[in-house]
1. With the checklist (1) modelled with pLDDT of 85 or more; (2) part of a helix (DSSP H, G or I); (3) surrounded by fewer than 18 Cβ atoms within 10 Å (Cβ to Cβ) in hand, flag the one item VAL91 doesn't pass.
2. Is it true that some residue in the range 149-163 is of a type in the set (A, V, I, L, M, F, W, C), over 20 Å from ASP209 (Cβ atoms) and surrounded by fewer than 18 Cβ atoms within 10 Å (Cβ to Cβ)?
3. Take the residues in the range 214-269 that are aromatic (Phe, Trp, Tyr) and farther than 26 Å from ARG292 by Cα, then tell me which one is surrounded by the most Cβ atoms within 10 Å (Cβ to Cβ).
4. I'm trying to understand the selection: among the residues of the range 26-42, which are assigned to a helix (DSSP H, G or I) and either closer than 17 Å to LYS100 by Cβ or more than 27 Å from the chain's Cα centre (by Cα) (or both)?
5. Starting from residues that are among the small types (Gly, Ala, Ser) and within 23 Å of the chain's Cα centre (by Cα), keep the ones in the range 248-306 and report whichever is nearest to LEU229 (Cα to Cα).
6. I'd like the full set of residues that are farther than 12 Å from MET232 by Cα and either touching a strand residue (DSSP E or B) at 6+ places or on another chain (Cβ under 6 Å) or of a type in the set (A, V, I, L, M) (or both), limited to the range 242-257.
7. So, of the residues in the range 1-25 that are buried (at least 20 other Cβ atoms within 10 Å of the Cβ) and not in a helix (DSSP H, G or I), which turns out to be modelled with the highest pLDDT?
8. Scanning for something of a type in the set (Lys, Arg) and either at pLDDT 85 or above or crowded, with 18+ Cβ neighbours inside 10 Å (or both), does the range 292-308 turn up at least one residue?
Amino acid sequence: MNDPEFVFNYIKQHGYGLGHASKQLRQDRDFVLKAVQQQYSDFRFAQDFRNDQEVVLKAITQEPYALRYFASIELQKDKEFVLKAVRLNGVALWFTDTFKNDMEVVLTAVKQNSEMLEKLRDSNVTTKLQKSTTARRHSDVHKNLLRDRSFMLQSLKLTVPEFETLHSFDYSSKDIMLRVVQEFGFLLEFVSSELKSDREIVLNAVKNDGISLRFASEDLRNDKEIALLAVMQDALEYAHDELKSDKEIVLEAVKQDTDAVLYASDKLLKDKQFLLQIAKFCGNMFLEHVPREITDDADFMLEIMEEIKNSGVVSEYNDELYQERMEQCYYGAFIGKF
């Protein structure tokens, strides 16, 4: 297809189409420059321009991952080009491997998009998706930057207006960190041990970021008020073990995220009255985590299923599907039909 107006309008309407253009159009710089600003997926059909800074930067402005998936290797290794990229779109920082630990590049990204400082937190929290050597390496890199006082001083000047005149940064300063954790709760990880035991600091950090509870002192992880704030942000995992037996705490956690039942204590998972309560929110999925002695109680299981049906937590109840699930999860258990 060689009609530039038709192809461009098609791309604007459908989000793709450069691949249907003629070779002549795909080699037309002006046309490609317009096209890549519409839809990133068409990069693969514009290979002749992977080393063209203007074309690639236009694409990055639209879609930050163009830095990795469209830019040539030469451009990806060019610091000046990467700086241009993150000036246009700070999120492009995630798509450079070469300069992820470069303070100038990171600060430039933070300046363009203040959320990028908080996004560094994502590489510090170990999740099931971050087990690769590369992920661990990037996590260590970002931690080193976050520990760097010069980097933090400059970052805070860029992201927190009242710190524009700050002359020094110290993770052990309560005056500074109280304000910092209100904006970036995840930085509780790096404060002094004394501040990790400071209730005011921890409370404010958890209000901003529930997962920061994991970095609080043991005593404060056992503080019910703080833990309640944390579990409302899916952080039951990091509460003190004693609170994982607290019905109010765990119930609130389950209301926010049914997967929180994974972190409930064995004691609660044997408490039939509590199980009836969470059934209203979890459906029957939580039964996989309940001891066999509970699921073998046919009368109680009937109560559970009745609670699930009455709660409306499932849009449709089907005895056959229920029995199939019981067969799968509980080795042929049969408790009858309603």
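1. Condition not satisfied by VAL91: (3).
2. yes
3. The initial filter retains those residues of the range 214-269 that are aromatic (Phe, Trp, Tyr), namely 215, 238, 263.
Checking the rest, the ones that are also farther than 26 Å from ARG292 by Cα come to 215, 238.
Numbers: PHE215: 21, TYR238: 19.
Across the range 214-269, the extreme among qualifying residues is PHE215.
4. Within the range 26-42, ARG26, ARG29, ASP30, PHE31, VAL32, LEU33, LYS34, ALA35, ASP42 meet the criteria.
5. Kept after step one, since they are among the small types (Gly, Ala, Ser), are these residues of the range 248-306: 253, 260, 264-265, 279, 283, 298.
Imposing the further condition that a residue be within 23 Å of the chain's Cα centre (by Cα) reduces the set to 253, 260, 264.
Numbers: ALA253: 10, ALA260: 14, ALA264: 17 Å.
By that ranking, first place goes to ALA253.
6. Applying the first criterion (farther than 12 Å from MET232 by Cα) to the range 242-257 yields 242-247.
LEU243, the sole residue that qualifies.
7. Filtering the range 1-25 down to residues buried (at least 20 other Cβ atoms within 10 Å of the Cβ) leaves 7, 11, 17-18, 21.
Those left that are additionally not in a helix (DSSP H, G or I): 17, 21.
Working: GLY17: 66, ALA21: 78.
Residue satisfying both the conditions and the ranking: ALA21.
8. Taking the range 292-308 first, the residues of a type in the set (Lys, Arg) are 292.
From what's left, either at pLDDT 85 or above or crowded, with 18+ Cβ neighbours inside 10 Å (or both): 292.
Yes: one or more hits.
The values are calculated or read from the model by the stated rules, or taken from the named source; none is laboratory data. All values reported here derive from a predicted model rather than from experimental measurement. No Cβ is skipped: glycine too gets one built from the backbone with ideal geometry, and neighbour counts run over all protein chains shown.
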